[in-house]
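Chemist: Below: one structure in structure tokens.
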Amino acid sequence: MLKQLNPISMSKTIISFLNEAVEKYSECPFLYEARTGTDYTSLSYKEVQEKARLFAAGLIALGIQAGDRVALISEGKNNWVISELGVLHSGAICVPLSVKLETEQDISFRVNHSECCAIMASDQQIAKIRPMKGAFTTVKHYILLDPEEKLQENELSFDSIIENGKKLMSENPSALEERMNNVTPDSLANISYTSGTTANPKGIMLSHGNYVCNSEQAVEHLDGIPSHFRQLLILPWDHSFGHTAGIYSFMKCGASLASVAMGKSPMEVLRNVPKSLKAINPHLLMSVPALASNFRKNIEAGIEKKGKFTNTLFKKALKTAYAYNKEGFNKGSKCIWVRPLLAFYDKIIFSKIRESFASNMEFFIGGGALLDIELQRFFYAIGIPMYQGYGLSEATPIISANSPHAHKLGSSGKPVPHMDIKIVDDNLKEVPSGEKGEIIIRGGNVMKGYWKNPEATAETIVDGWLRTGDMGYIDSDGYLYVLGRTKSLLISDDGEKFSPEGIEESIMAKSPFIDQIVLYNNQRPYTTALIVVNPVELKKHTSNPTEAAQLIEKEIAEYLKGGKYDGMFPYRWIPSGFAIIEEPFSEKNGLVNSTMKIVKHKVYSAYASRIEELYTPEGKKATSPSNLEVLVNLLK
């Protein structure tokens, strides 16, 4: 039964959210961090608030104005949270950037488009940023979150900002108060960059009220988070999911957040994950499919090392648990021997796995990309359920989630409370329950719009409803099922998203042999493409099907290392395999709409078998039998 929690407040800022937490949980640990090894130390709620306010005062002393944008690029750590909270307390807007961004083009576009006046960076990230300084048009200051022996031009240390903040607070204590008092729920907290419908990413404007609303929705949906809970935040902190589910939801409940133990390189940080799990012993984790798959592989590898008998017993235990658990909401069995047998398996196998993983772990929250139901069944069986959720950054981001008290494996759970949701057709008319259509939502968690992009905002938010661009349906029990994109965002197996239009348009413009191309990646290990070739141009060079396939392959390879267009796009989104389609996409076959745009979800459906073939060793080859068969007909 759901607890009666307070209704969602639409009048709070993140500042007042933290104030409430400090009033209730002042001395409770909020942030855990390990700077050397896995010896974690903590900061209390009160200490975090004090540091954030001093940092804010230091920013004001530096000349940061209300509404200014400040970029933040860093691995997860205490100073990540403190610096962002400091920016928000000063009335400025934080622009969190992914540490995965590597190229000057990717980073400078986001910094310049949002007109950031400062960049806050960790020691690893400042090494990446320094050679790019000349590309930033509005940045005046660089703030280093970690101690640095030698500061370069326009660089300041985190500690110096704190010291300047102390000085301002003693000389002019009202300066910070005035800034904080002018922050409203409508004030922007973040500009969060994600892939849009063009080659350039779009800046999603998320307000203080958006984050507070979605955090309260999430906590109520989960029936509360106990204040003694600890979380190890492994996922990217810059994403709205990390913000809402990682930082602010835990803040509301007085729970604790830990970062992965520090390392001198990304690989060292990755190697520290198992050690950090042991040291923190979290009660829950947020995960994406790729991370969950790695956890499963490690668990199964550990079982195999124990020998044939243990491995056989483990497989029998899984089979029994799968049969008993079913899809979670319908678990149970009429066979009286199943429960004691499961209890036996749990005692001798599953409990040992949980002990070796993290003995406190109660469940995972899965997001980013769709979790395979088999993966869900596995973790449910060993006693650490992985509850699939669904959302997108434009919704701050949580829209639905399975939870301990209401879950159905294979679904994306029930929608969060205090939010309207509908399934609609192409004309935005609501369809009957159980029918497929586009998912649209309305509520306090819907973004303010896209930064400096009113056209995209108007296309995405229609009459107050956010068009998610995802196909889905709601079943008779109220569970949401997400079926895929109506838009064309590529989604990799680790949940990273990318808009393919820029790549598609470039290939069609630059290659005389390719008339149409549709990229595909829906939680797969690599990107593939469906290609309509220009047989007239191909015949000018060859009538041999094998040579023609190799010509197409060379055109694609021009976007990889050493190619003519190397660096235009990230390599991971360049197709690793392609299927040549005999019939062009057209209005006649229903694959192009009246405005001459390719209707991608219909293309994916029409060529589902060819797409699946591209994920086999033989089908991935440019000279696959299917491609050669099509080219034989086209080159006659």
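The values are calculated or read from the model by the stated rules, or taken from the named source; none is laboratory data. Predicted model, so just to flag it, every value in this text is computed and none were measured. When we count neighbours, we look across all protein chains shown, and the Cβ atoms used for this are built from the backbone with ideal geometry, even at glycine.
Chemist: Would you mention how many residues in the stretch 472-494 are more than 21 Å from Ala529 (Cβ to Cβ) and surrounded by 18 or more Cβ atoms within 10 Å (Cβ to Cβ)?
Modeler: Counting residues in the stretch 472-494 that are more than 21 Å from Ala529 (Cβ to Cβ) and surrounded by 18 or more Cβ atoms within 10 Å (Cβ to Cβ) gives 7.
Chemist: Can you pull out every residue in the stretch 78-107 that is over 21 Å from the mean Cα position of the chain (by Cα) and hydroxyl-bearing (Ser, Thr, Tyr)?
Modeler: Of everything in the stretch 78-107, those that are over 21 Å from the mean Cα position of the chain (by Cα) and hydroxyl-bearing (Ser, Thr, Tyr) turn out to be Ser83, Ser90.
Chemist: Take the stretch 7-37 and flag every residue that is surrounded by fewer than 15 Cβ atoms within 10 Å (Cβ to Cβ) and outside any helix (DSSP H, G or I).
Modeler: Result: Pro7, Met10, Ser11, Ser26, Glu27, Arg35, Thr36, Gly37.
Chemist: Any idea which residue in the stretch 370-411 is farthest from Lys319 (Cα to Cα), counting only those that are buried (at least 23 other Cβ atoms within 10 Å of the Cβ) and among the polar types (S, T, N, Q)?
Modeler: The qualifying residue farthest from Lys319 (Cα to Cα) is Thr396.
Chemist: If you take the residues in the stretch 481-494 that are in contact with a Gly (Cβ under 7 Å, 6 or more places away or on another chain) and under 24 Å from Glu459 (Cβ atoms), which one is modelled with the lowest pLDDT?
Modeler: Lys487
Chemist: Hey, another quick one. Does Glu587 satisfy being free of Cβ contacts under 8 Å to residues at least 12 places away in the same chain, assigned to a loop (DSSP other than H, G, I, E, B) and among the acidic types (Asp, Glu)? Quick ask: steps written out before the conclusion?
Modeler: Working: free of Cβ contacts under 8 Å to residues at least 12 places away in the same chain: yes; assigned to a loop (DSSP other than H, G, I, E, B): yes; among the acidic types (Asp, Glu): yes.
In short, yes.
Listed here are the residues, each with its yes/no results for (1) of a type outside the set (Asp, Glu); (2) without any contact (Cβ under 8 Å) to a residue 24 or more places away in the chain; (3) within 25 Å of Asn453 (Cβ to Cβ); (4) in contact with a strand residue (DSSP E or B) (Cβ under 8 Å, 6 or more places away or on another chain).
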site	(1), (2), (3), (4)
Glu149	no, yes, no, no
Glu153	no, yes, no, no
Leu156	yes, no, no, yes
Leu168	yes, no, no, no
Leu176	yes, no, no, no
Asn181	yes, yes, no, no
Pro185	yes, no, yes, yes
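Chemist: Look through the stretch 614-636, keep the residues that are basic (Lys, Arg) and more than 11 Å from Pro545 (Cβ to Cβ), and return whichever of them is nearest to the chain's Cα centre (by Cα). Don't jump to the end; show me each part of the working.
Modeler: Of the stretch 614-636, the ones basic (Lys, Arg) are 620-621, 636.
Next cut, more than 11 Å from Pro545 (Cβ to Cβ) only: 620-621.
On the way: Lys620: 28, Lys621: 31 Å.
Only one residue fits best here, namely Lys620.
Chemist: If a residue has to be β-branched (Val, Ile, Thr), in contact (Cβ under 8 Å) with a residue 24 or more places away in the chain and either out of contact with any Asp or Glu (no Cβ under 8 Å at 6 or more places or on another chain) or on the phi > 0 side of the Ramachandran plot (or both) to count, how many in the stretch 443-465 make the cut? Full working, then the answer.
Modeler: Applying the first criterion (β-branched (Val, Ile, Thr)) to the stretch 443-465 yields 446, 457, 460-462.
With in contact (Cβ under 8 Å) with a residue 24 or more places away in the chain added as a condition, the list becomes 446, 460, 462.
Subsequent filtering for residues that are either out of contact with any Asp or Glu (no Cβ under 8 Å at 6 or more places or on another chain) or on the phi > 0 side of the Ramachandran plot (or both) retains 462.
So the count comes out to 1.
Chemist: Could we say that Val273 is free of Cβ contacts under 8 Å to residues at least 60 places away in the same chain and either of a type in the set (Val, Ile, Thr) or in contact with a strand residue (DSSP E or B) (Cβ under 7 Å, 6 or more places away or on another chain) (or both) here? Working first, answer last.
Modeler: Working: free of Cβ contacts under 8 Å to residues at least 60 places away in the same chain: yes; either of a type in the set (Val, Ile, Thr) or in contact with a strand residue (DSSP E or B) (Cβ under 7 Å, 6 or more places away or on another chain) (or both): yes.
So Val273 fits the description; yes.
Chemist: Would you mention how many residues in the stretch 216-245 are under 16 Å from the mean Cα position of the chain (by Cα), of a type outside the set (A, V, I, L, M, F, W, C) and crowded, with 24+ Cβ neighbours inside 10 Å?
Modeler: Counting residues in the stretch 216-245 that are under 16 Å from the mean Cα position of the chain (by Cα), of a type outside the set (A, V, I, L, M, F, W, C) and crowded, with 24+ Cβ neighbours inside 10 Å gives 4.
Chemist: May I ask you to list the residues in the stretch 262-301 that are of a type in the set (Ser, Thr, Tyr), buried (at least 16 other Cβ atoms within 10 Å of the Cβ) and more than 21 Å from the chain's Cα centre (by Cα)? Spell out how you get there, then give the answer.
Modeler: In the first step, residues of the stretch 262-301 are kept if they are of a type in the set (Ser, Thr, Tyr); the result is 265, 276, 287, 293.
Now restrict to residues that are buried (at least 16 other Cβ atoms within 10 Å of the Cβ): 276, 287, 293.
Within the stretch 262-301, just Ser276 meets the criteria.
Chemist: Of the residues Glu149, Glu115, Glu104, Glu153, only one is within 29 Å of Phe498 (Cβ to Cβ), modelled with pLDDT under 95 and surrounded by fewer than 22 Cβ atoms within 10 Å (Cβ to Cβ); which? Let's see the steps before the verdict.
Modeler: Working: Glu149 fails: within 29 Å of Phe498 (Cβ to Cβ); Glu115 fails: modelled with pLDDT under 95; Glu153 fails: within 29 Å of Phe498 (Cβ to Cβ).
Exactly one residue qualifies, and that residue is Glu104.
Chemist: Mind checking whether some residue in the stretch 495-503 is closer than 27 Å to Lys636 by Cα and either more than 33 Å from the chain's Cα centre (by Cα) or modelled with pLDDT under 95 (or both)?
Modeler: Step one: of the stretch 495-503, the residues closer than 27 Å to Lys636 by Cα are none.
No, that holds for no residue.
Chemist: Mind telling me which of the residues Ala321, Ala343 ends up being surrounded by 18 or more Cβ atoms within 10 Å (Cβ to Cβ) and of a type outside the set (Phe, Trp, Tyr)?
Modeler: Values: Ala343 fails: surrounded by 18 or more Cβ atoms within 10 Å (Cβ to Cβ).
Exactly one of Ala321, Ala343 is surrounded by 18 or more Cβ atoms within 10 Å (Cβ to Cβ) and of a type outside the set (Phe, Trp, Tyr), namely Ala321.
Conditions (1) under 17 Å from Pro500 (Cβ atoms); (2) surrounded by fewer than 17 Cβ atoms within 10 Å (Cβ to Cβ); (3) not small (Gly, Ala, Ser), marked per residue:
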residue	(1), (2), (3)
Glu547	no, yes, yes
Ile581	yes, no, yes
Met596	no, yes, yes
Val599	yes, no, yes
Ala608	no, yes, no
Gly619	no, no, no
Glu629	no, yes, yes
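Chemist: Here is a further query. Sort through Glu268, Glu300, Glu304 and tell me the only one that's more than 25 Å from Gly224 (Cβ to Cβ), outside any strand (DSSP E or B), touching a helix residue (DSSP H, G or I) at 6+ places or on another chain (Cβ under 7 Å) and of a type in the set (Asp, Glu).
Modeler: On inspection, the qualifying residue turns out to be Glu304.
Chemist: Moving on to the next point. Is it the case that Val139 is under 18 Å from Val48 (Cβ atoms), out of contact with any Phe, Trp or Tyr (no Cβ under 6 Å at 6 or more places or on another chain) and in contact (Cβ under 8 Å) with a residue 24 or more places away in the chain? Give the derivation first.
Modeler: Working: under 18 Å from Val48 (Cβ atoms): no; out of contact with any Phe, Trp or Tyr (no Cβ under 6 Å at 6 or more places or on another chain): yes; in contact (Cβ under 8 Å) with a residue 24 or more places away in the chain: yes.
Considered against the rule, which asks whether it is under 18 Å from Val48 (Cβ atoms), out of contact with any Phe, Trp or Tyr (no Cβ under 6 Å at 6 or more places or on another chain) and in contact (Cβ under 8 Å) with a residue 24 or more places away in the chain, Val139 comes out as no.
Chemist: Tally time: how many residues in the stretch 95-123 are out of contact with any helix residue (DSSP H, G or I) (no Cβ under 7 Å at 6 or more places or on another chain) and part of a helix (DSSP H, G or I)?
Modeler: Residues in the stretch 95-123 being out of contact with any helix residue (DSSP H, G or I) (no Cβ under 7 Å at 6 or more places or on another chain) and part of a helix (DSSP H, G or I): 8 in total.
Chemist: Right, next: Which residue out of Ala52, Ala56 is buried (at least 17 other Cβ atoms within 10 Å of the Cβ), free of Cβ contacts under 8 Å to residues at least 40 places away in the same chain and among the small types (Gly, Ala, Ser)? If you could, list the steps in order and put the result at the bottom.
Modeler: Values: Ala56 fails: free of Cβ contacts under 8 Å to residues at least 40 places away in the same chain.
Result of the check over Ala52, Ala56: Ala52.
Chemist: Do we have Glu304 as over 25 Å from the mean Cα position of the chain (by Cα) and either of a type in the set (Phe, Trp, Tyr) or closer than 19 Å to Gly366 by Cβ (or both) here? Even if it seems obvious, please write down each step before you answer.
Modeler: On the way: over 25 Å from the mean Cα position of the chain (by Cα): yes; either of a type in the set (Phe, Trp, Tyr) or closer than 19 Å to Gly366 by Cβ (or both): no.
No, not satisfied.
Chemist: Scan the stretch 204-215 and give yes if some residue there is under 25 Å from Ala121 (Cβ atoms) and aromatic (Phe, Trp, Tyr), otherwise no.
Modeler: Looking through the stretch 204-215, at least one residue is under 25 Å from Ala121 (Cβ atoms) and aromatic (Phe, Trp, Tyr).
Chemist: I would also like to ask the following. Does Gly590 satisfy the condition of being on the phi > 0 side of the Ramachandran plot and of a type outside the set (A, V, I, L, M)? Steps first, answer last, please.
Modeler: Working: on the phi > 0 side of the Ramachandran plot: yes; of a type outside the set (A, V, I, L, M): yes.
Yes.
Chemist: Let me ask something else about it. Being in a loop (DSSP other than H, G, I, E, B) and closer than 27 Å to Gly484 by Cα, is that true of even one residue in the stretch 531-552? Even if it seems obvious, please write down each step before you answer.
Modeler: So the first thing to find is which residues in the stretch 531-552 are in a loop (DSSP other than H, G, I, E, B), and the list is 534, 540-544.
From what is left, the residues that are closer than 27 Å to Gly484 by Cα are none.
No.
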